[in-house]
Amino acid sequence: MCLAVPGRVLKIEGSDPAFRTASVDFSGIRKTVSLAFTPEVALGDFVLVHVGFALIRIDEEEAARTYQYLEHIGALQEEGFAP
């Protein structure tokens, strides 16, 4: 199953919008993702990430709600996002 998982942007690298990346925290799991589709993202923002790309910026409440749902159905373990 491939899902978009919410995470919080901790660090941004690069200045060219096509090649910017971010270190994103997924409740303890940190991964590097591309910000090519979301040039407006800033430090501390929450994003939905799918196959290594931040697709959209979301608010903290939506991130928490989505994460809880994914945890409840066991999808986080399946996708490697559970500690």
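Could you check region 24-63 and list, in sequence order, the residues that are open to solvent by less than 30 Å² (accessible area, probe 1.4 Å) and more than 15 Å from Ala4 (Cβ to Cβ)?
Gly44
Restricting to region 1-37, and then to whatever is farther than 14 Å from His50 by Cα and among the aliphatic types (A, V, I, L, M), can you tell me which residue is nearest to the chain's Cα centre (by Cα)?
In this case the residue turns out to be Val9.
Out of all the residues in region 1-18, which are loosely packed, with under 12 Cβ neighbours inside 10 Å and touching an Asp or Glu at 6+ places or on another chain (Cβ under 9 Å)?
Scanning region 1-18 gives Met1, Cys2.
The values are calculated or read from the model by the stated rules, or taken from the named source; none is laboratory data. As the structure is a computational prediction, the values presented were derived from the model and not from experiment. Methodologically, a virtual Cβ is constructed for each residue, glycine included, from the backbone with ideal geometry; neighbour enumeration extends over all protein chains shown. In case anyone asks, the SASA skips ligands and DNA or RNA and just uses the protein heavy atoms, side chains included. Shrake-Rupley method; radii C 1.70, N 1.55, O 1.52, S 1.80 Å.
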